[in-house]
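These notes concern the structure reproduced below.
Only the coordinates and a few stated rules stand behind these numbers; no lab work does. Because the structure is predicted, anything quoted here is derived from the model rather than measured. Here the Cβ is made from the backbone with ideal geometry for all residues, glycine too, and neighbour counts use every protein chain on show.
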Amino acid sequence: MKLTVYTRQGSDAGRTVELDASVFGIEPNDHAIWLDVRAAQAHARQGTHKTKERSEVRGSTRKLYRQKGTGNARVGDVKSPTRVGGGTIFGPRPHTYSVGVNRKTKQLARRSALSYKAQNDALRVVEDFTLDAPKTREIVGLLKSAELEGKKVLFLTGSADDVLYRSGRNIPGLTIRSATGASTLDLVSAQVVLMQEAALGALTDALGKDRKEEATADAE
């Protein structure tokens with residue numbers, strides 16, 4: 001599959017790029033996508049929730065009244081979980097929600113997400129460019145020329161670019177990531193994936209099977 005490369009102004013750059021079939025043309029694995037997305041969402045949870053238990057509630061430990069002979073139900077101190085203002089029974093404690101996913105499953109999930117985008121014509125390639133200083137209007141102009149205004153767009157750069165990130169961080173619906181730093185959740189959440197040429201190469205190098213096999217064979 002070939003994609004046309006566009007300039008920042010939205011015009012045809014006069015060349016095309018070939019998509020690696022092992023990255024953008026596989027049969028998508030929905031279960032792998034679900035596993036990786038679940039792991040990303042779980043990792044984003046803080047897990048800092050906490051309620052006070054019996055030993056942490058303020059109050060006296062004195063027994064309120066004697067055990068027998070009052071006609072009332074037996075009772076301990078005022079911090080009893082059955083009394084108003086007492087501790088919480090089996091309340092939440094701080095803990096991590098992280099879920100482990102092995103490396104090959106993560107790679108399969110990302111390849112599956114990219115293949116879905118390729119199937120749905122939701123991939124765009126733009127020539128490489130950099131900015132000297134953060135300029136939001138430059139990124140707005142890029143989205144306008146690509147007819148992507150008002151859509152959820154994931155813009156992938158070849159490497160981490162702080163200037164481009166700061167240029168687009170205030171634009172609603174736009175997420176900027178480096179090619180190797182984009183998660184499966186980022187990919188499936190976007191309506192369109194806009195990539196620089198360098199980002200396409202980085203994705204192919206990171207996820208392509210053929211090149212890894214060739215490199216392994218050469219090393220042997």
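Remark: R103, R110, R177 ranked as R103, R177, R110, counting other beta-carbon atoms within 10 Å and listing the fewest first. Here S183, S159 are placed in order of increasing Cβ neighbour count within 10 Å, fewest first, which gives S159, S183.
The H on the amide N of N29, modeled in the peptide plane, is under 5 Å from the matching H of S112, each at least 5 residues off or on a different chain. Amide H contacts for I176 (H built 1.01 Å from N in the peptide plane; partners 5 or more residues away or on another chain; cut-off under 5 Å): F155. Region 140-184 and region 16-74 have Cα centres separated by 32 Å. With loop defined by DSSP as not H, G, I, E or B, and exposure as at most 16 other Cβ atoms within 10 Å, which is the longest segment of the chain clear of exposed chymotrypsin sites (Phe, Trp or Tyr not before Pro)? Free of exposed loop sites, the longest segment is 130-220.
So for T105, T7, fewest C-beta neighbours within 10 Å to most, what's the order?
The fewest-first ordering by Cβ neighbours comes to T7, T105.
Phi angles across region 57-69 convert, under the Karplus curve 6.51 cos²θ - 1.76 cosθ + 1.60 with θ = phi - 60°, into 3J(HN,Hα) values of 6, 6, x, 6, 9, 5, 5, 5, 7, 5, 5, 10, x Hz, Gly and Pro given as x. The Cα-based radius of gyration and maximum Cα-Cα distance (Dmax) for region 48-96 are 13.5, 48 Å. Rounded if a/c is under 1.5, else prolate if a/b is larger than b/c, else oblate: which is region 1-98, with a ≥ b ≥ c the root eigenvalues of its Cα gyration tensor? Prolate.
GNM remark for the chain: springs join alpha carbons under 10 Å apart, and the peak mean-square fluctuation among G91, G69, G150 falls on G69. Among the listed options (i) 7, 25, 24, 14, 8, 9, 8, 5, 1, 0; (ii) 8, 30, 35, 21, 6, 1; (iii) 8, 33, 36, 18, 4, 0, the one matching P(r) over Cα pairs in 10 Å bins from 0, in percent as calculated from these coordinates is (i).
Structure shown: which of K2/K106; K106/K151; K2/K152; K52/K106; K152/K209 lie over 31 Å apart, alpha-carbon to alpha-carbon?
K52/K106
Other residues with beta-carbon under 14 Å from the beta-carbon of R74 carry, at +1 per Lys or Arg and -1 per Asp or Glu, a net charge of +3.
The phi-based Karplus calculation (6.51 cos²θ - 1.76 cosθ + 1.60; θ = phi - 60°) puts the 3J(HN,Hα) values of region 85-101 at x, x, x, 8, 7, 6, x, x, 10, x, 7, 8, 9, 4, 10, x, 9 Hz, whole numbers, x for Gly and Pro. Scanning residues 5 or more positions from A13 or on other chains, those with amide H under 5 Å from its amide H are V5, Y6, T7, with H placed 1.01 Å from N in the peptide plane.
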